Amino acid sequence: MRGKRVVVLTGAGISAESGVRTFRDNGGLWENHRIEDVATPEGWAADPEKVWRFYQARRRQMNEVEPNPAHRALARLQSENESTFLITQNVDDLHERGGSENVHHMHGQLLTLRCEVSGRSEHRMEAASLGDEFVTCTCCSTPHRMRPDVVWFGEMPLGMERIYDAVSNCDVFVVVGSSGHVYPAAGLVEAAKQAGAQTILVNAEAPANVEFFDEVHLGAAGNLLPDLVESWLKTSRRNANDQEC
Ligand code: NAD
């Protein structure tokens, strides 16, 4: 893959082996909550305390989980192939802690909170901001309530223009740990394929959009990805050597 423009899209499945529960593996429930109740603006308006407690528990969990070999394998791919653009649907920071840089969090992040009035994000992981009480911002002269800094269903994912630009200009598009149900992320593989990219999947099971992948690797990402990345790098080293000869 060296020298190729690679785009990688990850989903909740890549963090499953770190102990972070995925979204849909449990009949449309996320940690025993209906998705509509905890991951929509309507859910927040109807019961902000419930949604707040849900995300505060997810935020506290970040202090207890560690990146797994799949996160580290993608960091290695990025370090060996500079033109690798890593997009994640995940709100955890396990890619960064696994060594990745410039991670594009299209659905926001747990480490930050967003002022409901100014829309500004603040890194708020100190102990006082991890309890069940609401947190207020430091950006307004009268501090206002903050909300989870995540993109809920019905809200616009972040940086879609940059994402579409990278996807429509890549040579290889890799998806890891995503069910292919959540749009627009699930539609990116089709866009990549239409643009002529080679499309590769690593997932525990066949996702909803499996027909758009040229290469399908079914199994746990932590088992499969380290060897796959090594083989991709080995092939590209061999190709580079052949060209030099
Ligand atoms: P999803 O839960 O809909 O799908 C996860 C996919 O990963 C499934 O197809 C499952 O079979 C697969 N999977 C499970 N364990 C795996 C493993 N060990 N290796 C490889 N694949 C595995 O997740 P999604 O497609 O990312 O969409 C759900 C939404 O949920 C995203 O928008 C995301 O923001 C949010 N979410 C994020 C986190 C997180 O940040 N870690 C966790 C839960 C949900």
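Some points to look at:
- Residue in the range 45-65 that is in contact with a helix residue (DSSP H, G or I) (Cβ under 6 Å, 6 or more places away or on another chain) and either more than 25 Å from residue 129 (Cβ to Cβ) or not in a helix (DSSP H, G or I) (or both) present: yes
- Residue list for the range 167-181, filter: out of contact with any helix residue (DSSP H, G or I) (no Cβ under 8 Å at 6 or more places or on another chain) and surrounded by fewer than 20 Cβ atoms within 10 Å (Cβ to Cβ): 169, 171, 181
- Residue that is most open to solvent (accessible area, probe 1.4 Å) [pool: residues in the range 130-159 that are over 20 Å from residue 45 (Cα atoms) and without any contact (Cβ under 8 Å) to a residue 24 or more places away in the chain]: 141
- Only one of the numbered conditions (1) open to solvent by 30 Å² or more (accessible area, probe 1.4 Å); (2) within 14 Å of the ligand (Cβ to nearest atom); (3) touching an Asp or Glu at 6+ places or on another chain (Cβ under 9 Å); (4) within 18 Å of residue 202 (Cα to Cα) is violated by residue 76, and that is (2).
- Filter result (under 19 Å from residue 60 (Cβ atoms) and more than 13 Å from the ligand (Cβ to nearest atom)) within the range 79-118: 112, 113, 114
- Single residue of 60, 53, 97, 24 found to be open to solvent by 30 Å² or more (accessible area, probe 1.4 Å), closer than 20 Å to residue 229 by Cβ and basic (Lys, Arg): 97
- Members of the range 100-127 found to be open to solvent by less than 20 Å² (accessible area, probe 1.4 Å), under 30 Å from residue 236 (Cβ atoms) and in a strand (DSSP E or B), listed by number: 105
- Hits in the range 208-228 (condition: buried (at least 17 other Cβ atoms within 10 Å of the Cβ), more than 16 Å from residue 73 (Cβ to Cβ) and out of contact with any strand residue (DSSP E or B) (no Cβ under 7 Å at 6 or more places or on another chain)): 209
- Within the range 176-200, being in contact with a strand residue (DSSP E or B) (Cβ under 8 Å, 6 or more places away or on another chain), more than 10 Å from the ligand (Cβ to nearest atom) and outside any helix (DSSP H, G or I) holds for 197, 198, 199, 200.
- Residues that are polar (S, T, N, Q) and at pLDDT below 95, drawn from the range 42-98: 81, 83
- Residue in the range 13-36 that is away from the ligand (no atom under 13 Å from the Cβ) and part of a helix (DSSP H, G or I) present: yes
- Boolean, residue 79 is outside the structural domain of residue 141 (by TED's automatic domain parsing), of a type in the set (Ser, Thr, Tyr), out of contact with any His (no Cβ under 9 Å at 6 or more places or on another chain) and without any contact (Cβ under 8 Å) to a residue 60 or more places away in the chain: yes
- Any hit, the range 132-152, residues being modelled with pLDDT of 95 or more, acidic (Asp, Glu) and outside any loop (DSSP other than H, G, I, E, B): yes
- Subset tally (residues that are farther than 25 Å from residue 181 by Cβ and either assigned to a helix (DSSP H, G or I) or not polar (S, T, N, Q) (or both)) for the range 77-95: 5
The values are calculated or read from the model by the stated rules, or taken from the named source; none is laboratory data. None of the values given here were measured: they were computed from a predicted structure. Here the Cβ is made from the backbone with ideal geometry for all residues, glycine too, and neighbour counts use every protein chain on show. All accessible areas refer to the heavy atoms of the entire protein, side chains included, with ligands and DNA or RNA removed. Shrake-Rupley method; radii C 1.70, N 1.55, O 1.52, S 1.80 Å.
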